[in-house]
Amino acid sequence: MLKTLKRKAGSLALATTLGLGVSTGIATGASAVELTMYYPVAVGGPLTNIVDGLVEDFEKENPDITVNAIYAGNYNDARIKALAALKSGEPAQTSVMFSIDTYELIEQGAIVAFDDVVETKEEKEWLNSFYPALMENGQTQGKTWGIPFQRSTIVMYYNKDAFRAAGLDPETPPATWDDLISAGKKLTKDGQWGAMIPSTGYPYWMFGALSMQNDQVLMNSDGNETYFDAPATIEALEFWKDLGTKHGIMPEGTIEWGTLRQNFLEGKTAMMWHSTGNLSVVKKNAKFDFGVAMLPAQKRRGTPTGGGNFYIFEKTSAEERKATMKLIRFLTEPKRTAEWSMKTGYLGTKPAAYATTEMKQYVADFPPAAVARDQLEFATAELSTYQNGRVRKLLDDAIQAALTGSKTPKEALEGAQKQADRLLKRYR
Amino acid sequence: MSAIELQGVSKIWGETTAVNNVSFSIDQGTFAVLLGPSGCGKSTSLRMISGLEEISKGSLFIGGEDATIASPADRNLSMVFQNYALFPHLNVEENILFGLKVRNTPKQLQKERLKKVAEQVGLEQLLDRKPAQLSGGQRQRVALARAIIAENPICLMDEPLSNLDAKLRHIMRVEIRALQQRLGMTVIYVTHDQAEAMSMADKVILMCDGKVEQEGTPEELYNKPATTFAAAFIGTPPMNLIDPVACGLDKKISQNQQDNFLIGIRPEDIVLSNENGLKAELISADYLGADTVVTAKIQDQEILVRTPGKVTITKPTSTRLQWPVKSVHVFDKSTGKRNDNIEVLPI
Amino acid sequence: MKHASTKHQLYGWLLLLPATLFLLAFTYYPTLATLAKSFFSQGTAIRPAAFVGLENYTFMLEDDVFWQVAWNNVIYALFTIPISIALALMMAIWVNSRLKFKSLARMSFFLPTMLPMIAVANIWLFFYTPEIGLIDQVASVFGIESHNWLGDPDTVLGCIIVITIWKEAGFFMIFYLAALQTLSPELEEAARLEGASRWYYFRRIMFPLLMPTTLFVLINAVINSFKLVDHLFILTKGGPDNASSLLLYYIYEVAFSFLDQAYASTLTVILLAVLAIIAIGQFVFLDKKVHYQ
């Protein structure tokens, strides 16, 4: 019996080897390039279809290149899966990942800079065709590591009907912090808050807007220093907290990211700060007249960008890099960028996209679509450093501690800064 | 004064009537047996007496007091269950003392009673065993001990011996009966085994289809069955019930409408004879040791005969059957009731 | 003779082989690898992993977040375990009695168990939402002011505990229900005849007889109190300010958000040790008190 077992095991091993041999044989025999792309989709459905459609178009134009798009949950999942695949030797050439993952990916030695991949003059020009604000998160050490694709910013959605009911002009949304407070006070009544800024999920992101408006960035461009305890940063957090405790136009405590949109749609808040990514859903579901505005200013206007960039992995052959570049350039052509933006609500990542006739027409019919673009002028990078997960969490915890009243904004941010310094010291 | 009295008690579940207008009374110190085939309502009656089942209609008196709606615990009675209902996680001592502990009986009294009861049922050596470590008979004794330790005047037993083998069953019958007499308890004992009823009871209450068929001493039930059901239920083998017309016995009954009656004769009252009597054919024999039960046939009518010694029948044999006139019972065919007004002539 | 027995033994080992291989590959190897990893620093492309001895452990002792999530987990366990077990027992006794809508009641108690935890969390997210949530809407009928349940560090852990109990009690009820149906009704009748109250019967007879089930359920509840963190992903992500974070969720964060597998391994070793101690304790000390039939 033992003998049979052994023989069976032997033939099994043989079959496996043969199987591998056969499949590699086919791959090389066709002399085609096969690309694997990881793509984050938190919710399936339309986004998946749109990406699939774009990939199909690309394959039609480039018959010698096949693209396998692998959908991998949210940004976190996509990063974990892509890195795990690379570690285990699975081939993957490119991925859309969080724009703020740049430092982490560099530290892991996972990605190459686009500067080392581009060759022709034309390609170098392409590298400069995007909005500079969207490039910030992907640039460090004087090089570009990520190309903006699925990008968003924060905008302010407001209920025009509620504005009218409170005697406010629906066409002039609050443009400053003081305006926000005075309008909020008029709008707050039984069953309706003046404004809501979400503080779960991505509190650091919302806070990036507030600190920017107070003319203070949260980190340097090398990603090895944070400015959590700068006076302007502390002021920004105090302002956020005061919206609830002092001015009473926002609920106290933290505000849930996931249910905020529903609150707005049900008229429980007259204003909300949220990602541009919600635009198409709000447009579809709002039973009232709504408007989209840039975030208000204190010392200046400001918002962080957000969303996903294209990265090219380090473990790729020259041939594969060439094919990947083709793919990324194809997907970021102005026409396609415009189409993508109209279908999803994400930003058009370059001025040329807004110059297309289709996009011009769309913006004319639906002006809110242009707000995010116009705001890009004031936009800045999203919080991104080495040890990004930890540093981000330090700030998230500090914000929540301050909003829930367990620490003062000053205590919370100073504590976070101290710990961030400890983490980032060795990267300086 | 009777220890227990039922007046027109019924148990109704929706459409079905399990016990139908039952009345009987049991005197103090009596060993009463509720006898009947399964589904006759005897267990339900017992459970109504215990209070585990509500009485739908009628009244129950215990010791002269109305106990129709009293809670089980207030009826001053104990019960032995068919499957003993021993608490498997408690040892023998804790099982026996369970009721006393519930009632917060003083520790000293508990100890005294336990000693007495354990002796009475022969469990002194097994007090710290768990039920799983006991044999069937021993478990039965624990159940008994738990029932008698409260010294309640009334003890109910629901087929307590049905899980034991024949030999042990016999021993326990004797013991339970002896215990009952020594303690002077009133016992109501449910069984479907007529032999058990005959051997133990002071009084048998025979039930059928939710009604009392006949009540009386074992002798009364045996000698004067009130109905064909009682006649056929009591005795091993049961009484032969013969259609007189079919057997050519119509001339032996002094009445004009002979086909309105059935006559009953116990197998042990019939004698096999070569000369006089009714012509019959012997079909088979069932040898029991001291005697043999012979199956005879008169035309299509089977008749069992109990005859002393061993009889062997290899092929159908002609014979004659004889019986004394006084052992003939007559029943109305339509009602099944006993009719003593009919004169029977000798064969 | 000797030959036959060797062959017999070999046969036995061969039968065990597949299971052994799986255990080795998916249980013992990862456990040992985790233990080993906890003594190394987290390697990156620039800085390879190096042996650091107990450094990860000392870091852990100084990590405020670790102490907070550990404390949260203790509270979480102290509330979810006894309450869900007690509730399960009560529900089981209730649906085991003569009840008109018995199957409906059983099903509705069991329903939460069949739902995936993520779905459950999504449902409860909208229960807890201030203003528009079910709880606040019901409360507003009675004039109670809206409360930010998940946004308040004082209530958030309680909210998480309630969901866990809601989810678990129905599951444990099934085990109790199965156990109750093996109890002979004669036992209760015997006790009733002796004048035992329902409470006395429960305390002295039913509960002791259910001990094997209770032990089983208890072990499950303890494991779940460390294991069940799915709802955190949807509801709070551990916030606000770690007020609702639990040990396993923190391990996930450290491993996959901070990408610090060395420290995550350290925390995992601690979690494993705690679970092992609890399991040993339960089997050694409680087993003696359990009556098995």
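None of the figures in this text is laboratory data; all of them are computed from the coordinates on show. Everything numeric here is computed off the predicted structure, so don't read it as measured data. Glycine also receives a Cβ, built like all others from the backbone with ideal geometry; neighbour counts cover every protein chain displayed.
At a 10 Å Cβ-Cβ cut-off, how would you order C:I277, A:I181, B:I12, A:I80, fewest neighbours first?
Details: C:I277 10, A:I181 20, B:I12 13, A:I80 17.
Placing the least packed residue first, the sequence is C:I277, B:I12, A:I80, A:I181.
Note the angle between two axes, namely the Cα long axis of helix A:203-213 and the longest principal axis of the Cα atoms of chain A, as a number of degrees from 0 to 90, rounded to the nearest 10.
Compared with the principal axis, the helix lies near 60 degrees.
Mind telling me which of A:G302, A:G345, A:G167 comes out most flexible in a GNM of chain A, alpha-carbon contacts under 10 Å?
A:G167
Which ³J(HN,Hα) values in Hz, rounded to whole numbers, follow from the phi angles of segment A:322-334 under the Karplus curve 6.51 cos²θ - 1.76 cosθ + 1.60, where θ = phi - 60° and Gly and Pro get x?
Values, residue by residue: 4, 5, 4, 4, 4, 4, 5, 5, 4, 6, 9, 4, x Hz.
Cα centroids of segment C:191-250 and segment B:54-69: how far apart, whole angstrom?
One Cα centre to the other: 45 Å.
Could you tell me the largest-minus-smallest coordinate of the C-alpha atoms of segment C:186-273 on each of the three principal axes, in descending order and whole angstroms?
Sorted from largest, the Cα extents of segment C:186-273 read 66, 27, 15 Å.
Determine the distance separating the Cα centre of segment B:81-159 from the Cα centre of segment B:24-41; give it in Å without decimals.
If you average the Cα positions of each part, the centres end up 24 Å apart.
How big is the antiparallel share of DSSP beta bridges in the protein assembly as shown, given as a percent to the nearest 5? Display every interim value, and only then the final one.
Working: 79 of 112 bridges.
So the antiparallel bridges amount to about 70 percent of the total.
If each Cα of segment C:17-173 is one equal point scatterer, what is log10 of I(q)/I(0) from the Debye formula at q = 0.11, 0.12, 0.14, 0.15 Å⁻¹?
-0.76, -0.85, -0.99, -1.04
How are the alpha carbon pair distances in chain A distributed across 20 Å bins from zero to the largest one, expressed in percent?
The distribution over chain A is 24, 52, 19, 4, 0, given as percents.
When 1/r is averaged over all different Cα pairs and the result inverted, which Kirkwood radius in Å belongs to chain B?
Working: mean 1/r = 0.0442 Å⁻¹.
Roughly 22.6 Å, rounded to one decimal.
In the neighborhood of A:M219, defined by Cβ-to-Cβ distances under 13 Å, what is the net charge if each Lys or Arg adds +1 and each Asp or Glu adds -1?
On the way: positive: A:R392, A:R428; negative: A:E136, A:D222, A:E225, A:D229, A:E382, A:D421.
Net charge around A:M219: -4.
Full extension from A:E123 to A:K322: what is 0.36 nm times the residue separation minus their Cα-Cα distance, to one decimal in nm?
Details: separation 199, 0.36 × 199 = 71.64 nm, distance 1.12 nm.
Stretched fully, the A:E123-A:K322 segment lengthens by 70.5 nm.
Output ³J(HN,Hα) for segment A:148-156: one whole-Hz value per residue in order, computed from phi by the Karplus curve 6.51 cos²θ - 1.76 cosθ + 1.60 with θ = phi - 60°, and x for Gly and Pro.
Whole-Hz 3J(HN,Hα) from phi for segment A:148-156: x, 9, 9, 10, 9, 9, 8, 10, 9.
Top mean-square fluctuation among C:Q42, C:Q181, C:Q261, Gaussian network model of chain C, C-alpha springs under 10 Å?
The residue with the greatest mean-square fluctuation here is C:Q181.
What relative contact order, as a whole-number percentage, does chain C give when Cα pairs under 8 Å and 6 or more residues apart are counted? Show your work: numbers first, answer last.
Working: 286 pairs, mean separation 81.3, N = 293.
After rounding, I find 28 percent.
Of all beta bridges DSSP finds with both residues in chain B, what is the antiparallel percent, to the nearest 5? Spell out each step's value before the answer.
Working: 52 of 70 bridges.
Within chain B, antiparallel bridges account for around 75 percent of the total.
Just B:T16, B:T292, B:T217 to compare: in a GNM of chain B, with alpha carbon springs under 10 Å, which one fluctuates most?
Maximum among the listed residues: B:T16.
Just name one of B:G51, B:P324, A:I197: the one whose Cα is farthest towards the positive end of the charge dipole of the protein assembly as shown (beta-carbon charges, Lys/Arg +1, Asp/Glu -1).
B:P324
Put +1 on the Cβ of each Lys and Arg and -1 on the Cβ of each Asp and Glu in chain B; which of B:M207, B:P153, B:Q194 then has its Cα farthest toward the positive end of the dipole?
Comparing the listed Cα positions along the dipole, B:P153 ranks first.
From the phi angles alone, apply the Karplus equation (6.51, -1.76, 1.60; θ = phi - 60°) to segment A:233-240 and give each ³J(HN,Hα) in whole Hz, x where the residue is Gly or Pro.
Once rounded to whole Hz, the list reads 5, 5, 4, 4, 5, 4, 4, 4.
Please give the net charge around C:P116, taking every other residue with its beta carbon less than 12 angstrom from that of C:P116, where Lys and Arg add +1 and Asp and Glu add -1. Intermediate results must be reported in sequence, preceding the final value.
Values: positive: C:K167; negative: C:D230.
Net charge around C:P116: 0.
Going by how many other Cβ atoms sit within 10 Å of their own, how do C:R192, A:R79 line up, fewest first? Can you show the working numbers first?
Numbers: C:R192 19, A:R79 27.
So the residues, fewest neighbours to most, are C:R192, A:R79.
Around A:M196, which amide H atoms from residues at least 5 apart in sequence, or from another chain, sit under 5 Å from its own amide H, with H modelled in the peptide plane?
Close amide H contacts, sequence-distant or interchain: A:M271, A:M272, A:W273.
In square nanometres and to one decimal, what's the mean projected area of the convex hull around the Cα atoms of segment C:112-199?
Values: hull surface 35.8 nm².
Convex hull of Cα atoms, orientation-averaged projection: 8.9 nm².
Output the direction-averaged projected area (hull surface divided by four) of the convex hull of the alpha-carbon atoms of the protein assembly as shown, in nm².
Numbers: hull surface 269.1 nm².
For the protein assembly as shown, averaging the hull's shadow over all directions gives 67.3 nm².
Need one value for A:308-314: mean number of C-beta atoms belonging to other chains within 10 Å of its residues' C-beta atoms. Provide the component values of the computation, followed by the final result.
Values: counts 0, 0, 0, 0, 0, 0, 1.
So the per-residue partner count for this stretch is 0.
Between beta-carbons, use under 12 Å as the cut-off and find the net charge around A:T233, counting Lys and Arg +1, Asp and Glu -1. Don't jump to the answer; show the numbers that get you there.
On the way: positive: A:K410; negative: A:D215, A:D229, A:E235, A:E238, A:E414.
Within the 12 Å Cβ shell, the charges total -4.
Using a 10 Å cut-off around each Cβ, can you sort A:W193, C:W13 from fewest to most neighbouring Cβ atoms?
Values: A:W193 24, C:W13 10.
Lowest count first: C:W13, A:W193.
What is the percent of Cα-Cα separations in chain C that go past 30 Å?
Numbers: 21367 of 42778 pairs.
Distances greater than 30 Å cover 50 percent of the Cα pairs.
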